[in-house]
Amino acid sequence: MIYFSHDDGLKHETPPGHPEQVARLEAIRSALSGFDLDRRDAPLCDDRDILRCHPQDYLDHVIASAPEKGAHALDGDTHMSPGSLTAARRAVGGMCAAVDAVLGGEDRTAFVGCRPPGHHAETRRAMGFCIFGNVAIGAKRALDHHGLNRVAIVDFDVHHGNGTQDLLWDEARALFISSHQMPLYPGSGYGDERGAHGNVVNLPLEGGTGGEEMRRIYEDRVFPAVAAFKPELILISAGFDAHRADPLAGLNWRTEDFGWVTERLCDVADEVCGGRIVSTLEGGYDLQALGASVAAHVAVLKERSA
């Protein structure tokens with residue numbers, strides 16, 4: 001399994017007390033320190049990759065907002081420090097490099113452990129700690145650069161991936177499936193939000209939903225939908241804030257549930273796309289739970305990479 005990350009992710013600084021903090025990346029690195037992985041630096045992305053999903057005026061706005069010192073707020077939750085723009089470019093670049101490596105046959109699985117996350121970033125709007133739509137950009141690279149016909153994204157972050165939905169709403173070649181607690185930020189993700197081509201599947205979960213109910217829903221709804229779509233690549237928006245210990249939400253998943261859902265997604269990938277999976281970090285804000293859950297997730301991806 002290939003693991004993409006970069007020290008520049010440690011230079012994206014948020015205000016004191018902000019949950020999307022440098023310590024998240026440090027917790028992940030500590031949790032994965034004993035793993036035998038193909039470790040690679042996430043490269044800087046090309047503007048062309050960002051522009052696959054975001055318009056030039058939005059990119060220009062983000063560049064102009066990057067402070068030389070101090071901090072700048074793109075919205076009430078999403079902040080930029082002097083290192084944030086480079087970190088965001090690494091998050092996109094790592095995703096694109098992971099897609100390239102897996103589709104190039106270098107390995108069957110990859111994990112992008114970069115920050116800031118991406119699944120809340122809409123076409124012209126940064127929000128929810130996210131600047132660029134990392135996973136959506138990865139999907140578009142697979143489709144437009146590599147010429148794939150179908151890509152599926154499964155997002156198990158506790159918050160709805162409104163940005164990914166927005167960026168891929170009109171993209172018939174991309175299936176987007178999101179399970180998420182509702183009601184909860186950002187307030188989207190209802191079942192009747194289906195995409196322009198029926199390519200969006202939202203599965204709202206009530207607060208307190210635990211692993212047993214999650215497994216039933218995924219077996220009934222998620223895995224059959226992905227298999228029926230027959231993607232040539234599966235992408236995962238890997239948020240770990242559905243964990244019962246997370247301070248920002250109220251689902252009741254345990255560490256082993258993230259291992260289980262990863263294992264079953266690998267089973268589907270084996271059936272439909274030669275086992276090819278690229279996963280990218282989204283949320284997860286209890287540091288101990290985040291580290292343990294990422295380790296469970298990566299352990300499965302590593303086992304299934306051979």
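No lab work stands behind these numbers, since they all come straight from the coordinates. These numbers were taken from a predicted model, which means no experiment stands behind them. Every residue, glycine among them, receives a Cβ derived from its backbone with ideal geometry; neighbour counts consider all protein chains shown.
Given the options Gly210, Gly187, Gly93, state which has the largest fluctuation in a GNM of the chain using a 10 Å cut-off (strictly under) for Cα springs. Sorting by GNM fluctuation, first place goes to Gly187. Among beta bridges from DSSP that stay inside the range 1-137, the antiparallel ones total about 35%. Amide H contacts of Ile153: Leu175, Phe176, Ile177, Leu235, each under 5 Å away and 5 or more positions distant or on a separate chain (H built 1.01 Å from N in the peptide plane; Pro and chain starts excluded). What does the C-alpha gyration tensor say about the overall shape of the range 133-266? Classify as rounded when a/c is under 1.5, otherwise prolate if a/b is larger than b/c, or oblate. Judged from the Cα gyration tensor, the range 133-266 comes out prolate (a/c at least 1.5, a/b above b/c).
Amide H contacts of Leu205: His180, Gln181, Met182, each under 5 Å away and 5 or more positions distant or on a separate chain (H built 1.01 Å from N in the peptide plane; Pro and chain starts excluded).
Show log10 I(q)/I(0) for the range 87-205 at q = 0.14, 0.16, 0.20 Å⁻¹, two decimals, from a solvent-free Debye sum over equal Cα scatterers. Values, matching the q order: -0.55, -0.72, -1.11. The string of couplings for the range 32-49 from the Karplus curve (6.51, -1.76, 1.60, θ = phi - 60°) is 9, 4, x, 7, 8, 10, 7, 8, 9, 6, 5, x, 5, 7, 8, 3, 4, 6 Hz, one whole number per residue in order, with x for Gly and Pro.
Placing +1 on each Lys and Arg Cβ and -1 on each Asp and Glu Cβ, with no other charges, gives the range 253-305 a dipole about its Cα centre of roughly 140 debye. Once the Cα-Cα distance is subtracted from the 0.36 nm per residue extended length, the Asp47 to Glu206 segment shows a gain of 53.3 nm. 3J(HN,Hα) couplings calculated from phi for the range 123-140 with the Karplus curve 6.51 cos²θ - 1.76 cosθ + 1.60 (θ = phi - 60°) are, in sequence order, 4, 10, 8, 7, 6, x, 6, 10, 10, 10, x, 3, 6, 5, 5, x, 4, 5 Hz; Gly and Pro show x.
For Lys11 and Leu59, the difference between the fully extended length at 0.36 nm per residue and the C-alpha to C-alpha distance is 15.3 nm. Residue ranges 68-78, 272-282, 162-172 sort as 272-282, 162-172, 68-78 when ordered by packing (mean number of other C-beta atoms within 10 Å per residue, highest first). Exposure proxy for Thr255, Thr109, Thr262, Thr86: other Cβ atoms within 10 Å of each Cβ, ordered fewest to most, give Thr86, Thr255, Thr262, Thr109.
Dipole magnitude for the range 1-98: about 200 debye, using +1 per Lys or Arg Cβ and -1 per Asp or Glu Cβ, origin at the Cα centre. The calculated 222 nm mean residue ellipticity attributable to helices in the chain amounts to -10500 deg cm²/dmol, summing -39500 (n - 2.57) over DSSP H runs of n ≥ 4 and dividing by all residues. Structural descriptor for the chain: relative contact order 20 percent, calculated from alpha carbon pairs under 8 angstrom and at least 6 residues apart.
Within the range 70-192, DSSP assigns beta bridges of which about 45% are antiparallel (rounded to the nearest 5). Please work out the Cα center distance from the range 126-199 to the range 242-306, rounded to the nearest Å. If you average the Cα positions of each part, the centres end up 18 Å apart.
Computing FRET efficiency as 1/(1 + (r/R0)^6) for Ala23 and Ala227, where r is the C-beta to C-beta distance and R0 is 41 Å, gives about 0.60.
Size of the chain: Rg and Dmax of its alpha carbons, in Å, are 17.2, 50. Would you please give the FRET efficiency between His197 and Ile217, computed as 1/(1 + (r/R0)^6) with r the Cβ-Cβ distance and R0 = 25 Å, to the nearest 0.05? Calculated value: 0.60. Think of each Lys and Arg Cβ as +1 and each Asp and Glu Cβ as -1; about the Cα centre, that makes the dipole of the chain roughly 320 debye.
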